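Each remark here refers to the structure printed beneath this line.
Where a number appears in this text, it was derived from the coordinates with a stated rule and is not lab data. Being a predicted model, the structure only gives us computed values, none of them experimental. When we count neighbours, we look across all protein chains shown, and the Cβ atoms used for this are built from the backbone with ideal geometry, even at glycine.
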Amino acid sequence: LISSFFRGNKDELKAACSGDGVTSDQLETITLTVVQNKGSKDEQTRKIVAPVGCNVRQVLTDNGINVYQSVTRWTNCKGKQLCGTCIVNIADGSISTNRKSMDEGSTLRENPESYRLSCVTFAYGDVTIETFPPVNAAQWTR
């Protein structure tokens, strides 16, 4: 029995397995439509092109979009799913994200079903994300 290990990144492995000769420069992309401060006078909408399977928190923070409310902007866990404060609303396209884990579901149990922790949400298709969704006292996770 001969074992071999693939040497390359995840995208190169996916391309090699598909057999279509796609290089990492030609990978599929998706569009994240981000609505910041929905309902306020400062509401803005941005469209961000990102690779399929991207981490929502990473893409948003890399593009200068804050996903944290209040002081947690500076005291968060940096995407390790320890603080439960990077709450976003997946307003459209939730079917194009990974499903909630039991831990995430438990953390967000008093929030609407469309609320997600951006640190553990991965997008595989076009989605609309609202930052700073309304969070009542009973819904605040930590």
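Which aspartates and glutamates have a Cα lying under 19 Å from the Cα of Lys100, excluding residues fewer than 8 positions away in the same chain? Once the sequence-local aspartates and glutamates are set aside, what remains near Lys100 is Asp92, Glu110, Glu113, Asp126, Glu130. Taking amide H positions as modeled 1.01 Å from N, with prolines and chain starts lacking one, the residues under 5 Å from Thr97 and 5 or more places away or on another chain are Tyr124.
Across segment 116-121, rounded Karplus estimates of 3J(HN,Hα) from the backbone phi angles (6.51 cos²θ - 1.76 cosθ + 1.60, θ = phi - 60°) give 9, 8, 5, 5, 10, 9 Hz, Gly and Pro being marked x. For Ala91, the amide hydrogen comes within under 5 Å of the amide hydrogens of Thr128, Ile129, Glu130, counting only partners 5 or more places away or on other chains and with H modelled in the peptide plane. Charge dipole of segment 29-73 (Cα centre as origin; +1 on each Lys and Arg Cβ, -1 on each Asp and Glu Cβ, all else neutral): 60 debye, rounded to the nearest 20. Residues in segment 38-54 carry Karplus couplings, in order, of 3, x, 9, 5, 9, 4, 9, 10, 10, 10, 10, 8, 9, x, 4, x, 6 Hz; the curve used is 6.51 cos²θ - 1.76 cosθ + 1.60 with θ = phi - 60°, and Gly or Pro positions show x.
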